[in-house]
Structures are given as structure tokens and as C-alpha cells.
Amino acid sequence: MKEMFLILMLFSQGAFGQQVVQPRAFEEKAEMMLEEAGRQLQVDDALSIRFDYEIEDTQHGIIEKMDGWLATKRDMYYMKAGPNHFVSDGETLWTYMEEVNEVHISLAEYTEDLITPTSLLDDHATRFRSKWIREERYNARTVHIIDLVPREADIFYKYRIAIEDGSLEIVYTEAHDRHGGIYRFKVTEIDYDAGLPDDHFDFNPDQYPDIEVVDLR
């Protein structure tokens, strides 16, 4: 009986050890993939990404879709999602809404939470706890699903990234809020050598007749 008890103890400890090690292995796998995916986006010149953007309301079964594109160069970016433009030269952010011909101007340092197809990879190790979830097929591609949980309070309780097996390119990203909303970027094209000049990341309100300017700086 004593020997049986010792065997059961050893078996339990072994099983428990596997449960502890396995999640850590999934975390390390996620971190490795995120690091490599982020490294590929650190190009010498401008990077351009085209994407489909979806806003899904899971509570009411509503999906709003629009196309868009994102260009980045050093700490500058220009993102267009449907009729909305987000332009930053690294110091100032202009948010232009075509439908109402209105632009909001704010300091870029206070708008770091803007979500883009690539922003989740920025400082991911300090901002999130990441975990590899599974491998699956998506649009005839094999992708790795990785979840990121914010380390600090956030309007989104979870983010998800799908990274293609082999190339480790971003396939899609998701942000999940606490009310059943999912904000999804589906990447359709990546240009690693877009060749855009610095003035591409500037917004001049004078070029838009009758525009309303709201300066929040």
C-alpha cells in the first residue's frame, strides 16, 4: 500500500509538472513568432499594407466592412479605413473624417492606443501576455493563432493575431471588447519597399475647402 501511494504521488507530480511546463512552452512559442513577425516589418524605408477592415457586433449579428491601407516609415504612419484617415508625422496626429469634412488634431504621444494591422507587435512583450493557441487552416493557408492579454487596464480584454506558418507574415489581427465587439484587420497585401517620401505623412487642412478643424493639442 505504501509503495502504491508513492507511485501515485510520483505520477501526480509528473502530470502536474507537465501542466506547468506546457503553458510556458506555448508562451515562448508565441513570443518567438511575434518577435520574428515584428522583425520583418522593420524595413529601412516605408512599408505599405492593404487590408480589409471589419467591425463585428456578435450580440446583434452585425458586421460592417470597409477596405483600407496603412503606410509606415520610422515613427510616422498614414492609415485609411473607409472614409477615415489617420495621419501622423511622429509628433502630431491628424484624424480626418471625409463624411463630415472635419479633422481633429492631437499630439501623437497621447494617441499611442490607435490600433493598426501592425501596432500589436510594438513592445508586445511589455504590453501583453502572449500565448500560442493552435495551428489551423485559413483561406488555404496554415496559420498560427496567438492570443495577447493586456498587462494593464485596456478597453479590449483580448487581442488575437494569425501568423502564417513558414513566412511568419501577419494574416489578420483582432481586438475583442467586453460588449461582444470584434475589430478585425485582414491583411491582403504587404509592400516592404513602398518608397514613400516623408511629406506623405503630413496633413494640410488648407487643401480641403470648408474643412472644420478641431485642435485638441
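Annotations
- Breaking point among (1) of a type in the set (Ser, Thr, Tyr); (2) crowded, with 17+ Cβ neighbours inside 10 Å; (3) over 14 Å from the mean Cα position of the chain (by Cα), for Thr188: (2)
- Test result for Ile146, in a strand (DSSP E or B), among the β-branched types (Val, Ile, Thr), touching a Phe, Trp or Tyr at 6+ places or on another chain (Cβ under 9 Å) and surrounded by fewer than 19 Cβ atoms within 10 Å (Cβ to Cβ): no
- Selection status of Ala175, within 26 Å of Arg50 (Cβ to Cβ), of a type outside the set (D, E, K, R) and at pLDDT below 95: yes
- Taking the criterion of being crowded, with 17+ Cβ neighbours inside 10 Å and outside any strand (DSSP E or B), the residues of region 41-62 that qualify are Leu41, Ala46.
- The single condition among (1) modelled with pLDDT under 95; (2) over 30 Å from Tyr208 (Cβ atoms); (3) not in a loop (DSSP other than H, G, I, E, B) that Glu109 does not meet is (2).
- Sub-7 Å Cβ pairs linking a first residue in region 185-201 that is at positive phi to a second residue that is assigned to a loop (DSSP other than H, G, I, E, B), at least 6 apart or interchain, are Gly195/Asp45; Gly195/Ala46, ordered by first then second residue.
- Which numbered condition Arg39 misses (of (1) at pLDDT below 60; (2) within 16 Å of the chain's Cα centre (by Cα); (3) of a type in the set (D, E, K, R)): (1)
- The sole residue among Ile163, Ile115 that is under 30 Å from Asp202 (Cα atoms), in contact (Cβ under 8 Å) with a residue 24 or more places away in the chain, surrounded by 12 or more Cβ atoms within 10 Å (Cβ to Cβ) and β-branched (Val, Ile, Thr) is Ile115.
- Hits in region 69-110 (condition: surrounded by 19 or more Cβ atoms within 10 Å (Cβ to Cβ) and touching a residue at least 60 places away in the same chain (Cβ under 8 Å)): Ala71, Lys73, Met76, Tyr77, Tyr78, Val87, Ser88, Asp89, Trp94, Tyr96, Val103
- Val20 vs. criteria closer than 19 Å to Ile133 by Cβ, among the β-branched types (Val, Ile, Thr) and modelled with pLDDT under 85: yes
- Taking the criterion of being acidic (Asp, Glu) and farther than 18 Å from Arg217 by Cα, the residues of region 83-104 that qualify are Glu98, Glu99.
- Val87 vs. criteria of a type in the set (Val, Ile, Thr) and out of contact with any strand residue (DSSP E or B) (no Cβ under 6 Å at 6 or more places or on another chain): no
- Sole exception among (1) among the hydrophobic types (A, V, I, L, M, F, W, C); (2) under 16 Å from His104 (Cα atoms); (3) at pLDDT 95 or above for Leu216, by number: (3)
- Among the residues of region 126-143, just one is exposed (fewer than 13 other Cβ atoms within 10 Å of the Cβ) and closer than 15 Å to Glu35 by Cβ, namely Thr126.
The values are calculated or read from the model by the stated rules, or taken from the named source; none is laboratory data. These figures come from a predicted structure and were not determined experimentally. Cβ atoms come from the backbone with ideal geometry, glycine included; neighbour counts cover every protein chain shown.
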